[in-house]
Amino acid sequence: MSKRDHMDTAVQEPPLDYSFRSIHVIQDMVNEEPRTGLRPLKHSKSGKSVTQSLWLNNNVLNDLKDFNQVVSKLLVHPENLAWIDLSFNDLTSIDPVLTTFFNLSVLYLHGNSIQHLGEYVLCTLPRITTFDFSGVTKADRTTAEVWKRMNIKPRKPRLKRTGL
């Protein structure tokens with residue numbers, strides 16, 4: 001099975017659903033049972049989930065410390081995550097770890113204490129098509145680009161020092 005076939009299959013899989021589990025820290029997911037839906041989750045021989053959707057909504061998370069490490073323990077291909085639901089938690093900022101999921105197209109962060117960071121999300125996650133239940137328009141992308149140019153300074157190339 002090619003990687004593309006795997007991604008198409010995984011999109012149709014039910015989410016790995018940890019919603020309403022009173023999760024305080026990301027590491028709690030390892031010992032917590034995900035919710036079961038109408039369709040059973042598919043797992044690899046190693047026991048990891050094959051899905052591309054992770055639901056952590058309605059918990060009490062205040063940060064995403066160790067998110068990559070924990071997701072790597074739970075998912076066969078964490079790099080293929082396309083949908084992350086972190087709505088209704090206690091997050092105060094958007095953790096940069098979310099910018100590492102290049103296939104992310106749906107991100108829910110509503111119901112947290114995050115303020116004025118929509119432009120940041122659109123700048124750093126170019127594949128986002130749905131952000132907090134809203135479709136992302138060309139005008140949103142333009143606004144995000146303008147915001148990026150005004151607020152994010154490009155890195156200056158470092159010159160190597162040569163011994164004198």
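Just so you know, all these numbers are worked out from the coordinates, no wet-lab data involved. Keep in mind that this is a model prediction, so the values were computed, not measured. Positions of Cβ are generated from backbone atoms using ideal geometry, with glycine treated the same way; all protein chains shown enter the neighbour counts.
Can you classify the range 47-113 as rounded, prolate or oblate using the Cα gyration tensor, where a ≥ b ≥ c are the square roots of its eigenvalues, rounded means a/c under 1.5, and otherwise it's prolate if a/b beats b/c and oblate if not?
In terms of gyration-tensor shape, prolate.
If you take all other residues with their beta carbon under 11 Å from the beta carbon of K48, and give Lys and Arg +1 and Asp and Glu -1, the sum is +3. Taking a ≥ b ≥ c as the square roots of the eigenvalues of the Cα gyration tensor, the range 13-147 is prolate, since a/c reaches 1.5 or more and a/b is larger than b/c. Taking 7 Å steps out from each Cα toward its Cβ at K48 and T129 produces label points 2.5 nm apart.
Estimate the FRET efficiency between T137 and F102 by the formula 1/(1 + (r/R0)^6), using the beta-carbon distance for r and 25 Å for R0, to the nearest 0.05. The computed FRET efficiency comes out at 0.75. For the peptides 101-114, 134-147, 20-33, the ranking by mean Cβ contacts within 10 Å, running from highest to lowest, is 101-114, 20-33, 134-147.
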